[in-house]
Amino acid sequence: MKIRFLTIDFDKLTLFARQAQFVYLMNDNEANKVGEKGTLATVEYMETKGINVKLIELPRPVNVGKVDLADYLKVPLLIAPC
C-alpha cells in the first residue's frame, strides 16, 4: 500500500489533524530514503500550522532494502539486529 499526501491536500490534512492532540506519521523505511523525504515534507508543513507531529521510524535490518508496516508486523523478518 502506498500513500503519499499531495501538497494540494496539506490544508485538508491539517484541518483534520487539528482535532487530535498529536498526529503520528510513519513512512516506509527504505535504503534510498524516498519515503522519509515525502514524510518530512508533510511534517514540516503541519508543524508550521501548529500541529504536533510525531514521526515513527520502523527499524530496518541492514540486509533488507525496505520495511513497511506490513513487513514490520511480520516479526520473524526483524529478528536480525539492525
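Answer yes or no as to whether ILE51 is within 24 Å of LEU13 (Cα to Cα) and in contact with a Phe, Trp or Tyr (Cβ under 7 Å, 6 or more places away or on another chain).
So ILE51 does not fit the description; no.
Taking into account only those residues within segment 43-58 that are surrounded by 14 or more Cβ atoms within 10 Å (Cβ to Cβ), touching a residue at least 24 places away in the same chain (Cβ under 8 Å) and of a type in the set (A, V, I, L, M), which is nearest to LEU6 (Cα to Cα)?
If we take residues in segment 43-58 being surrounded by 14 or more Cβ atoms within 10 Å (Cβ to Cβ), touching a residue at least 24 places away in the same chain (Cβ under 8 Å) and of a type in the set (A, V, I, L, M), then MET46 is nearest to LEU6 (Cα to Cα).
Laboratory data are not the source of any read-out in this text; all were calculated from the coordinates shown. Please read all numbers here as calculations on a predicted model, not as lab measurements. FYI the Cβ positions are ideal-geometry reconstructions off the backbone, even for glycines, and counts take in every protein chain you see.
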